[in-house]
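Please read the structure below before turning to the comments.
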Amino acid sequence: MNRFSIAALAAAAAAALALAACTGTSPSPAPSTNSSSSSAPAPSATSGGTTGPGTTSPTQQPTSGTPTTAPLTLYFIALNDNGASGPKVGCGDSAVGTSSGPVTFTDPVAGAMTELLSLHDPQLGQSGLDNTLWQSSLVLDSVTRSGGTVTVALSGDFVQGGECDTPRIIAQLTLTAQAAAGSATVDITYKGVPLKDALSLK
């Protein structure tokens, strides 16, 4: 092989190497982790519904409600009505639900009971309905919930006008609490004793 051939081969090899350098590609660099446009990682499938600060998990219920202003249902007694206007109670009487004026409350049961116990007139305005609690000085100690039961704890003093007042008082208190509690079962205690038992001792 002459010097011309060797020179030609060398030139061809150099051209091939130069072409490869121009057309070759190098691997793309990995995305930067400190890019200002990077998005937050998707929540893990095993996160169990964890919520961020200041939020409430869907399985948790708030321990206190937001103040609400609305009328509440309070029960009074229609004497000698014999169940015509509401549930039959007492000595041939009826318990009649009435709507109060606007009341501000966070717990509807506590709101309704507090409103009822604050009334000390023997009758509800000009309605003709009796308030058998009017002489009593009762205090609402607490309203607690356990499962589907609402327990209303009372203290203070009962004053009754006769044996027929016992079922009337029980009806006023129980039906008022029940109307506010909705579908929950209501238990009322007086100084730690079930209401019916406490009144039967008086």
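The values are calculated or read from the model by the stated rules, or taken from the named source; none is laboratory data. No experiment lies behind these values; they were computed from the predicted model shown. Quick reminder, even Gly has a Cβ in these numbers, built from the backbone with ideal geometry, and neighbours come from all protein chains shown. Side chains included, ligands, DNA and RNA excluded: accessible areas come from the protein's heavy atoms. Shrake-Rupley method; radii C 1.70, N 1.55, O 1.52, S 1.80 Å.
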Original post:
Can you spot a residue in the range 100-117 that is farther than 13 Å from Ala180 by Cα and among the charged types (D, E, K, R)?
Top reply: no
Original post:
Within the range 185-199, can you find the residues that are surrounded by fewer than 18 Cβ atoms within 10 Å (Cβ to Cβ) and among the hydroxyl-bearing types (Ser, Thr, Tyr)?
Top reply: Thr185, Thr189
Original post:
Can you name the number of the only condition in (1) touching a Ser or Thr at 6+ places or on another chain (Cβ under 9 Å); (2) surrounded by fewer than 18 Cβ atoms within 10 Å (Cβ to Cβ); (3) of a type outside the set (S, T, N, Q); (4) more than 18 Å from Thr73 (Cα to Cα) that Leu154 fails?
Top reply: (2)
Original post:
So which pairs qualify, if the first residue must be in the range 137-150 and aliphatic (A, V, I, L, M), the second must be open to solvent by 50 Å² or more (accessible area, probe 1.4 Å), the Cβ gap must be under 6 Å, and the two must be at least 6 apart or on different chains?
Top reply: Leu140/Thr114
Subject >> Pairs with Cβ under 6 Å, 6+ apart, first in the range 173-202 and touching a residue at least 60 places away in the same chain (Cβ under 8 Å), second surrounded by fewer than 19 Cβ atoms within 10 Å (Cβ to Cβ) >> reply: Ala179/Thr73
**OP:** Being surrounded by fewer than 20 Cβ atoms within 10 Å (Cβ to Cβ), more than 21 Å from Ser200 (Cβ to Cβ) and not basic (Lys, Arg) narrows it down to one of Asp141, Asp107, so name that one.
**Re:** Asp107
Original post:
If you go through the range 125-135 one residue at a time, do you hit one that is open to solvent by less than 60 Å² (accessible area, probe 1.4 Å) and either more than 15 Å from Leu74 (Cα to Cα) or in a helix (DSSP H, G or I) (or both)?
Top reply: no
Original post:
With Val186, Val109 as the choices, which residue is modelled with pLDDT of 95 or more and either over 21 Å from the mean Cα position of the chain (by Cα) or part of a strand (DSSP E or B) (or both)?
Top reply: Val186
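Residues checked against (1) part of a helix (DSSP H, G or I); (2) modelled with pLDDT under 95:
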| position | (1), (2) |
| --- | --- |
| Thr151 | no, no |
| Gly156 | no, no |
| Gly161 | no, yes |
| Ile169 | yes, no |
| Thr174 | yes, no |
| Ala180 | yes, no |
**OP:** With the condition kept exactly as written, say whether any residue in the range 155-167 is aliphatic (A, V, I, L, M) and either under 24 Å from Ala70 (Cα atoms) or touching a Leu at 6+ places or on another chain (Cβ under 8 Å) (or both).
**Re:** no
**OP:** Determine, yes or no, whether Ser146 is surrounded by fewer than 20 Cβ atoms within 10 Å (Cβ to Cβ), over 17 Å from the mean Cα position of the chain (by Cα) and of a type in the set (S, T, N, Q).
**Re:** no
**OP:** Within the range 107-145, track down each residue that is more than 22 Å from Pro167 (Cβ to Cβ), in contact with a strand residue (DSSP E or B) (Cβ under 7 Å, 6 or more places away or on another chain) and among the hydroxyl-bearing types (Ser, Thr, Tyr).
**Re:** Thr114, Ser142, Thr144
**OP:** Considering each residue of the range 136-149, count those that are outside any strand (DSSP E or B), at pLDDT 95 or above and under 18 Å from Ala179 (Cβ atoms), and give that number.
**Re:** 0
